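Each value in this text was obtained by applying a stated rule to the coordinates, not by laboratory testing. Quick caveat: nothing in here was measured; it's all calculated off a predicted structure. Neighbour counts are summed over all protein chains in view; Cβ atoms, including those assigned to glycine, are modelled from backbone coordinates with ideal geometry.
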Amino acid sequence: MKVVLLKDVPKLGKKSDVKTVSPGYAKNFLFPRGLAMVLTSAVAMDLDVQSEAKKKQAEKELLEMETMAQKLEGLEVEIPMKVSKEGIGYASLSAQKIAETLSGIGFKIAKSQIKIKNPIKKLGDNMVIVSLPHGLEAEVKVIVVSDGE
């Protein structure tokens, strides 16, 4: 029996997958729990329309992310930090602070998207990687300056 999954089912498949299962499994487990429905021609056509819409949305999102990656690549941002007389920061510059700075200039970046190779504790230039959806990455130069206090 062919069914369409309405929700993710462990060890069977993800939402909108078409699976072949035994009639007993479908009638006794999947249907009563609202996890699946019988695959009919109308449901199959609806799935095709939905998958086409998802594909167009993914293409649009990919184009947006590619544009953002191009704008981010080579971008230089200055971030002030409290430092000692020797030029060493009292704390390392966090991914959160970098994400807030990038958000402040118009980029929607979460702190989890910022990859810092080594802790940033000194004044000067540092390179960080911004990971974007669809496997895209951009390298941003973070210039740490003294906050002047």
Exercise. From the phi of every residue in the stretch 119-135, what ³J(HN,Hα) in whole Hz does the Karplus formula 6.51 cos²θ - 1.76 cosθ + 1.60 yield, where θ is phi - 60° and glycine or proline is x?
Worked result: x, 9, 10, 10, 5, x, 8, 9, 9, 10, 9, 9, 8, 10, x, 6, x
Seminar exercise, completed: Counting sequence-distant residues (5 or more places) and residues on other chains, those with an amide H built under 5 Å from that of L39 are K2, V3, V4
Exercise. Percent relative contact order of the chain, based on C-alpha pairs within less than 8 angstrom and at least six residues apart?
Worked result: 21 percent
For this session: Sort T101, T67 so that the residue with the fewest other Cβ atoms within 10 Å of its own Cβ comes first and the one with the most comes last.
Result: T67, T101
Exercise. Stretched out fully, how many nm does the piece from E100 to D125 gain, at 0.36 nm a residue minus the Cα gap?
Worked result: 7.2 nm
Exercise. What are the ³J(HN,Hα) values, in whole Hz, obtained from phi via the Karplus relation 6.51 cos²θ - 1.76 cosθ + 1.60 with θ = phi - 60°, for each residue of the stretch 82-90 in sequence order, with x given for Gly and Pro?
Worked result: 6, 10, 7, 5, 7, x, 9, x, 6
Seminar exercise, completed: Counting only residues 5 or more apart in sequence or on a different chain, those whose built amide H sits under 5 Å from that of S16 are L5, L6, K7
Seminar exercise, completed: Relative to the chain, whose Cα atoms define the longest principal axis, helix 41-72 and its Cα axis are tilted in degrees, nearest 10, by 10 degrees
Seminar exercise, completed: The helix 95-104 Cα axis meets the longest alpha-carbon principal axis of the chain at an angle in degrees, between 0 and 90 and rounded to 10, of 90 degrees
Exercise. In what sequence do L63, L72 fall when counting other Cβ within 10 Å, fewest first?
Worked result: L63, L72
For this session: Would you list which lysines come within 27 Å of K141, measuring only between C-alpha atoms, while excluding same-chain residues fewer than 8 positions from it?
Result: K71, K82, K85, K97, K108, K111, K115, K117, K121, K122
Problem set entry | Bridge type composition, the stretch 45-149 - antiparallel percent by DSSP, nearest 5 | 70 percent
Exercise. Per-residue ellipticity at 222 nm for the chain, helices alone: DSSP H runs ≥ 4 residues times -39500 (n - 2.57), over residue total, nearest 500 deg cm²/dmol?
Worked result: -10000 deg cm²/dmol
